[in-house]
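**Student:** Before anything else, here's the structure in question.
The values are calculated or read from the model by the stated rules, or taken from the named source; none is laboratory data. Here the structure is a predicted model, which is why all the values come from computation and not from measurement. Please note: Cβ atoms are built from the backbone with ideal geometry, for glycine as well, and neighbour counts cover all protein chains shown. Just so you know, the surface numbers come from the protein's heavy atoms only, side chains and all, with ligands and any DNA or RNA stripped out. Shrake-Rupley method; radii C 1.70, N 1.55, O 1.52, S 1.80 Å.
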Amino acid sequence: MHLIRLSIGSTSGTAHWGVMLGSRPLTVCSTYSPDLAPTGDHTAHSICQACARAFLILTAAEHAPGPALLASGAGARAAGHLAIPGHLRGYCGKSLDRRPATAGKACANCTRLASSLTAFLQSADGLVLPPAAPCHSAEPVLWALRGRADLTTGHRRNAATGRAFCGQPLWGENPGALRECSACLRHYTEAAEVRLQLTVPHMRNAAEGGAPDDAEELRDRAAALRVGDAFTVSGCPDEHRVVAVTDLGESQLDVLVYVPGPEQVLDVRVPRDRLVTIRRRPRSS
């Protein structure tokens with residue numbers, strides 16, 4: 001039994017993660033409608049936010065439950081939240097601190113999603129999960145333009161601007177695109193050549209220098225990353241060295257990283273509340 005996307009509309013609307021139990025749909029967030037039916041992966045649907053968080057929980061590389069944490073900025077007597085493994089984000093979607101909750105109160109929304117997941121897993125016996133998205137990949141990720149009028153053409157995303165390399169605003173990833181925007185490909189190829197000729201040699205030399213003995217190691221959310229940091233994330237064996245960070249105020253950061261093993265400079269989108277282990281050189285005095 002495979003985890004699939006379910007939706008009422010065949011081409012657009014809100015999609016949920018779930019399974020079909022015979023002719024009955026079952027979603028991970030407990031949303032129910034007899035009209036929910038399997039839909040393809042490459043459609044213009046928006047994914048249910050509760051289902052998106054549940055998917056992170058189900059596919060997380062880390063599974064050990066941790067203590068309930070306080071929401072960012074909450075008082076010491078506030079309710080505790082269940083943290084999505086590997087993230088400083090609650091099951092309810094709130095950004096979390098690393099402070100443990102001690103008041104004995106639990107977030108109702110976190111509890112609700114946890115209960116929905118427990119019931120789902122009990123009913124979906126033999127569930128086969130899709131693999132978690134890779135941390136980084138040299139394969140191109142194509143995007144759809146805002147408005148989603150043309151899903152057959154994919155565009156390359158410029159991490160520095162949040163727009164397509166051709167300058168147009170984007171909506172979201174579009175892995176089902178049949179062809180690539182020629183203007184995006186041309187501008188992306190030019191940028192990739194600069195990275196190969198200039199950025200890779202510079203970062204290679206920096207990596208060969210190694211980390212100084214007084215390098216600081218800390219565990220923090222990805223939003224704390226700075227240029228020059230080296231970081232690792234659970235589920236990925238590679239170290240990533242930060243070339244540039246672009247924060248456009250979205251739920252994910254755009255991080256340009258150098259990966260020493262394959263000697264590649266890649267664009268990585270990291271959830272801002274993702275827990276990362278950072279090695280940071282001390283600031284020069």
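**Student:** Using the alpha-carbon centroid of each, what span in Å lies between the stretch 104-165 and the stretch 236-274?
**Tutor:** If you average the Cα positions of each part, the centres end up 17 Å apart.
**Student:** With every protein chain left in place, what is the accessible area of Arg195 in Å² (1.4 Å probe, nearest 10)?
**Tutor:** 40
**Student:** Follow-up question, since we're still on this one. Using heavy-atom solvent-accessible surface (probe 1.4 Å) with all chains present, what is the largest-first order of Ser30, Ser23?
**Tutor:** From most accessible down to least: Ser23, Ser30.
**Student:** Full extension from Arg99 to Glu193: what is 0.36 nm times the residue separation minus their Cα-Cα distance, to one decimal in nm?
**Tutor:** Between Arg99 and Glu193, full extension yields 29.4 nm more.
**Student:** Also, quick follow-up: Looking at the chain as a GNM with Cα springs under 10 Å, which of Thr153, Thr43, Thr189 has the largest mean-square fluctuation?
**Tutor:** Thr189
**Student:** Return the single residue from Ile47, Ile57, Ile84 with maximal mean-square fluctuation; model: Gaussian network over the chain, springs between Cα atoms under 10 Å.
**Tutor:** Ile47
**Student:** Once phi is turned into ³J(HN,Hα) by the Karplus curve 6.51 cos²θ - 1.76 cosθ + 1.60 with θ = phi - 60°, what whole-Hz value does each residue of the stretch 169-183 show in order, with x for glycine and proline?
**Tutor:** With coefficients 6.51, -1.76 and 1.60, one gets x, 10, 9, x, 5, 9, x, x, 4, 8, 8, 10, 4, 5, 5 Hz.
**Student:** From Cα pairs below 8 angstrom and at least 6 apart in sequence, can you work out the relative contact order of the chain, rounded to a whole percent?
**Tutor:** Once normalised by length, the contact order is 13 percent.
**Student:** Moving on to the next point. Label Met20 and Ala244 with points 7 Å out from Cα along Cα→Cβ: what is the distance between them in nm?
**Tutor:** Computed distance between label sites Met20 and Ala244 equals 4.6 nm.
**Student:** Follow-up. I'd like the FRET efficiency for Asp150 and Glu217, computed as 1/(1 + (r/R0)^6) with the beta carbon distance as r and R0 of 41 Å, rounded to 0.05.
**Tutor:** 0.30
**Student:** Of Phe165, Ala79, Gly90, which is farthest towards the positive pole of the chain's charge dipole, taken about the Cα centre with +1 and -1 on the beta-carbons of Lys, Arg and Asp, Glu respectively?
**Tutor:** Selected residue: Ala79.
**Student:** Run the 1.4 Å probe and let me know the accessible area of Arg179, rounded to the nearest 10 Å².
**Tutor:** Result for Arg179: roughly 130 Å² accessible.
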